[in-house]
Amino acid sequence: MRKALYFALAMCLGWSLSANAGVISDDDTFGLTAVGTADTAFVDQFNPALGTLQQVTLTLEANTQNGTITWDTTGDTSADVQLGVGAQVTATAPSTLVVVTLPMQTGHNSNVPATDNETPDPDFTGNDSFTVDTGAGSDDDSRSLISGFGPYLGTGQVQIDLTSAFKQSLISSGGSGDTESSAGQYGGTVTIEYVYTETQLVPEPAGLMLLGLAGLAARRRRRK
Ligand SMILES: [Ca+2]
Ligand SMILES: [Ca+2]
């Protein structure tokens, strides 16, 4: 009877529920797709068998290329010109998890000459023009959820909707002028990261010591 009591006590003290933090992630790439059109990506759901989900983080790494933007000077003085062309790329996942990026191809010319008085002016060609049509733009951003996990739980996939809106930018000083532009393509990678606690039975060192002492006490009592 007493021995059984010691054993029960030791089991209570020697084993406990322990919560270990875990991180698991999945990603998907998309594009290249024409700027202005939508796309989709898919990532794995979080399998509840692994533990209890604590946080969901969505990261979007977006890029743009093959857009063009041209400046043409219309005034009698040279101009300093900084041009950008690209897109606002948005990833929308369940529970209103939204990430917005702005990948832009950019270029700078500190001395675009005064107009050559072409007709019409601007004509977007010639020595008084400056074009950005090479290179790539890139941008990334992340957002997290700490609730609303329902759509992320399971052994299937989560759909992530991608949209893109054409963007251009112009910063100029000095001479006057105008721009024309055309959209390129966008693409990128979405990554979902799940932070969770995994629950499991583990022996604790202090508990194990008590277990040993209890066993020793039981043996001494039997000897008496
Ligand atoms: Ca001109
Ligand atoms: Ca021109």
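Got a sec? Which strands (runs of 3 or more DSSP E) wholly within segment 102-206 have at least 1 residues that are away from ligand 2 (no atom under 16 Å from the Cβ) and aromatic (Phe, Trp, Tyr)?
On the way: elements: 104-112, 129-132, 136-145, 157-174, 177-182, 185-203.
Ranges flagged: 157-174, 185-203.
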For this session: Please verify whether segment 53-62 includes one or more residues that are surrounded by 14 or more Cβ atoms within 10 Å (Cβ to Cβ), of a type outside the set (S, T, N, Q), at pLDDT 95 or above and more than 16 Å from the chain's Cα centre (by Cα).
Result: yes
Exercise. Would you call residue 115 farther than 25 Å from residue 67 by Cα and within 16 Å of ligand 1 (Cβ to nearest atom)?
Worked result: no
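Condition check ((1) under 29 Å from residue 175 (Cβ atoms); (2) surrounded by fewer than 21 Cβ atoms within 10 Å (Cβ to Cβ); (3) in contact with a His (Cβ under 7 Å, 6 or more places away or on another chain); (4) among the basic types (Lys, Arg)) across all residues:
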site: 33; (1), (2), (3), (4): no, yes, no, no
site: 44; (1), (2), (3), (4): no, yes, no, no
site: 50; (1), (2), (3), (4): no, yes, no, no
site: 64; (1), (2), (3), (4): yes, no, no, no
site: 74; (1), (2), (3), (4): yes, yes, no, no
site: 77; (1), (2), (3), (4): yes, yes, no, no
site: 107; (1), (2), (3), (4): yes, yes, no, no
site: 110; (1), (2), (3), (4): yes, yes, no, no
site: 123; (1), (2), (3), (4): yes, yes, no, no
Seminar exercise, completed: Scanning segment 32-87 for residues that are more than 30 Å from residue 197 (Cβ to Cβ), touching an Asp or Glu at 6+ places or on another chain (Cβ under 9 Å) and part of a loop (DSSP other than H, G, I, E, B), the one nearest to ligand 2 (Cβ to nearest atom) turns out to be 74
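The values are calculated or read from the model by the stated rules, or taken from the named source; none is laboratory data. Model, not experiment: these values are computed from the prediction. A quick note on method: Cβ atoms are made from the backbone with ideal geometry, for glycine too, and the neighbour counts reach across all protein chains shown.
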